[in-house]
Structures are given as structure tokens and as C-alpha cells.
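Undergrad: Handing you a structure now.
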Amino acid sequence: MITHTQLEVVTGCNLSCFYCLRENNITLIDLNIAKQVILDCEPSRQLWLQGYGEPALHPELSTIVNFARS
């Protein structure tokens, strides 16, 4: 059984921390791809919207969260 799924919805960050290895080129996951990953990972108990990027930068983050909760 899948217990959790980690989905990186944004690959970049709006900060410039000197210790971070990630470059600041921000790429967003396509909404349809995010939805398909969520569907493919059912019945995952937890969905972690994290990674090296800042999830709050995704303009459709609330749509992704609402889809996962439904």
C-alpha cells in the first residue's frame, strides 16, 4: 500500500539562499499532470506538495489541493 506521495509542483524558489544548490529557474507542473499523478497514486494516505521548490509559487496550488482532497 502506498502510504504517501511526494509531488514537486514547483522546481524553483523565489529566494536566493547562498547555500542552496538549486538554481532559480522556476518550472511549474502542468495541472493535468498533477491531477494524473494524484489519481495514479491512490489510495495514498498523504500527499506532500514539496521538494526543492516553493509550492506556494504555483498559481494553481489551491486547485491541486482541492482536487487531491476530493
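Undergrad: Would you tally the net charge around residue 68, using a Cβ to Cβ cut-off of less than 11 Å, leaving residue 68 out, and scoring K and R as +1, D and E as -1?
TA: Summing Lys/Arg as +1 and Asp/Glu as -1 gives +1.
Undergrad: I've got another one for you. May I ask you to compute the full-extension gain from residue 28 to residue 63, defined as 0.36 nm times their residue separation minus their alpha-carbon distance, rounded to one decimal in nm?
TA: Taking 0.36 nm per residue and subtracting the Cα distance, the gain is 11.2 nm.
Undergrad: Counting only residues 5 or more places away or on other chains, whose amide H sits under 5 Å from the amide H of residue 26 once H atoms are built in the peptide plane?
TA: The list, which skips near neighbours in sequence, is empty: none.
Undergrad: Percent of alpha carbon pairs in the chain separated by more than 17 Å?
TA: Counting pairs separated by more than 17 Å, the tail of P(r) holds 42 percent.
A short reminder: the numbers here are calculations on the coordinates, not readings from a lab. All figures in this text were calculated on a predicted structure; none of them were measured in a lab. Note: ideal-geometry Cβ built from the backbone for every residue, glycine included; neighbour counts use all protein chains shown.
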